[in-house]
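All remarks here apply to the structure that follows.
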Amino acid sequence: MGHRYRGVCENAMISLLAQLGIIEAEIAKTDDQLSSLNQPRELSASLEDLQRFFCEKALELRADVDIARQALAKHIEKLVLTPKETPEGPVLRFQAT
């Protein structure tokens, strides 16, 4: 009777080891996926592209002052606007912290 229990235990151990192998493979795959997501990405945008983007977003926000205030408040603690004369006309110079 002892042989029979040993055989059952050995079969159970083999099954558990096979399942462990599958789980370890899934963990390795997940680690690889996470690793690739955590790699720095190269972003390239010219200063003109950034300026165009921010101008477009500013025009969108101009339509709703409350939304604009909320959006700025999420990213800027303090905003100082200083009037300045330029050859093109008056502008506001801003400094944000």
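The values are calculated or read from the model by the stated rules, or taken from the named source; none is laboratory data. In this text, all values refer to a predicted model and were calculated from it rather than measured experimentally. Here Cβ is always computed from backbone atoms with ideal geometry, including for glycine, and neighbour counts include all displayed protein chains.
Being assigned to a helix (DSSP H, G or I) and touching a strand residue (DSSP E or B) at 6+ places or on another chain (Cβ under 9 Å) is the requirement here; does Leu72 meet it? Outline the logic, then answer.
Details: assigned to a helix (DSSP H, G or I): yes; touching a strand residue (DSSP E or B) at 6+ places or on another chain (Cβ under 9 Å): yes.
When the stated conditions are applied, Leu72 passes them.
Could you tell me which numbered condition Ala25 fails, if it satisfies all but one of (1) at pLDDT below 80; (2) surrounded by 10 or more Cβ atoms within 10 Å (Cβ to Cβ)?
Here Ala25 meets the rest and fails (1).
Inside segment 52-69, can you point out the residues that are farther than 16 Å from Ala96 by Cβ and part of a helix (DSSP H, G or I)?
Result: Arg52, Phe53, Cys55, Glu56, Leu59, Glu60, Arg62, Val65, Asp66, Ile67.
Determine whether Asp64 is out of contact with any strand residue (DSSP E or B) (no Cβ under 9 Å at 6 or more places or on another chain) and within 25 Å of Leu79 (Cα to Cα).
yes
Which condition does Arg93 not pass, out of (1) touching a Ser or Thr at 6+ places or on another chain (Cβ under 6 Å); (2) part of a loop (DSSP other than H, G, I, E, B), if it passes all the others?
With respect to (1) touching a Ser or Thr at 6+ places or on another chain (Cβ under 6 Å); (2) part of a loop (DSSP other than H, G, I, E, B), Arg93 is out only on (2).
Among the numbered criteria (1) part of a helix (DSSP H, G or I); (2) loosely packed, with under 10 Cβ neighbours inside 10 Å; (3) modelled with pLDDT under 80, which one does Ser35 miss?
It is condition (3) that Ser35 fails.
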